[in-house]
1. Can you name every one of the helices (runs of 4 or more DSSP H) wholly within the stretch 198-272 that holds 2 or more residues which are modelled with pLDDT of 80 or more and assigned by TED's automatic domain parsing to the domain that holds ARG162?
2. Is there a residue being assigned by TED's automatic domain parsing to the domain that holds LEU141, free of Cβ contacts under 8 Å to residues at least 24 places away in the same chain, exposed (fewer than 13 other Cβ atoms within 10 Å of the Cβ) and closer than 30 Å to LEU105 by Cβ anywhere in the stretch 34-47?
3. Could you grab me the full set of residues in the stretch 1-47 that are over 17 Å from ASP63 (Cβ atoms) and either in contact with a Pro (Cβ under 7 Å, 6 or more places away or on another chain) or not small (Gly, Ala, Ser) (or both)?
4. Look at the stretch 96-114 and say how many of its residues are of a type in the set (Phe, Trp, Tyr) and in a helix (DSSP H, G or I).
5. Keeping to the stretch 44-67, report how many residues are of a type in the set (Asp, Glu) and more than 14 Å from LYS25 (Cα to Cα).
6. For the stretch 1-22, give me the residue count where each residue is surrounded by 14 or more Cβ atoms within 10 Å (Cβ to Cβ) and closer than 30 Å to GLN118 by Cβ.
7. If you take the residues in the stretch 115-162 that are part of a helix (DSSP H, G or I) and of a type in the set (Phe, Trp, Tyr), which one is surrounded by the most Cβ atoms within 10 Å (Cβ to Cβ)?
8. Please go through the stretch 255-275 and give me each residue that is crowded, with 16+ Cβ neighbours inside 10 Å and in contact (Cβ under 8 Å) with a residue 60 or more places away in the chain, ordered by number.
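The values are calculated or read from the model by the stated rules, or taken from the named source; none is laboratory data. These numbers come from a predicted model, not from an experiment. We place every Cβ from the backbone using ideal geometry, glycine too, and count neighbours over all the protein chains shown.
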Amino acid sequence: MVMSMTGFGRCETSVNGRQITIEMKSVNHRYFEFSCRTTRGYSFLEDKLKKYVSQKISRGKVDMFVSITESEDSQVDVTINKPLAAGYVNAIHNLATEYNIPDDLSVSVLSRYSDIFQIHKEEQDEEQVFNDVKVALDVALEGFLSMRAAEGEKLKEDVLKRVDTIMAIVSQIEERSPITVEEYRLKLTKRITDMLSNTDIDEQRILTEAAIFADKVAVDEETVRLRSHFEQMKTFFESGVPIGRKLDFIVQEMNREANTIGSKVTDSILAHKVVDIKSEIEKIREQIQNIE
């Protein structure tokens, strides 16, 4: 199955008294890159989540957001950082005295400085928390991978359609190429006849020149390699493994063969067909940048 590197998945559920929400999305990237934001106090999950997701995804930049809300009966203690609170109180009093402004310090004002409060939760079983989060993660991953698969199938169809277009043009080049040699021979014969109208023409010399020309413009090797690359590409699409990097390499090779053909042809019709091939190869190259 061909997978795109673009996807989105989300799950919101309750597991063992925890309200868990997971959102994940990905975009193109040369390698696998993972970043995660979690609710405060749950940063220990990040490495576990990265390891778990990397088993499902080989390429792409994945961003994940994990929100966890504990049930109301969870044990949470809030204490005051008294030295810090005293420091705030003294600073506010001094501010009021120094600038002769009303000193309206109150508990509600002081409570805005959240760092004076220290939150202590009961000891968490990290493995149990991860297992609870994984329930939501599996659902989010299912939707995420489903979207990547659907997009990947569209990319595959588009690329193979362009491959068929190129193969048709290659067939036209293979059909036209021998004709250009014969046309060259006829032009050469006419030119020599016009120049040496009263002299016998050396037919063998003309055949030799035509043979040299045929060797210079022969593109059989390049078209055979192009066909081989296309067949290999089709095989990759059916392999069921990540193929993005392999396709990128093959497209480079295809482009090289097209450039070689372009440097050999002297016929304007063939030159235009080579341009068409290179245009389709470039479109394929753009598409496979999205494939995992």
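1. Those helices (runs of 4 or more DSSP H) span 220-237, 244-264.
2. The answer is yes; a qualifying residue exists.
3. MET1, VAL2, MET3, GLU12, THR13, VAL15, ASN16, ARG18, GLN19, ILE20, ARG40, PHE44
4. 1
5. Total meeting the criteria: 2.
6. Residues that pass the stated criteria total 6.
7. Among those residues, the one meeting the criterion is PHE144.
8. ILE261, VAL265, ASP267, LEU270, LYS273, VAL274
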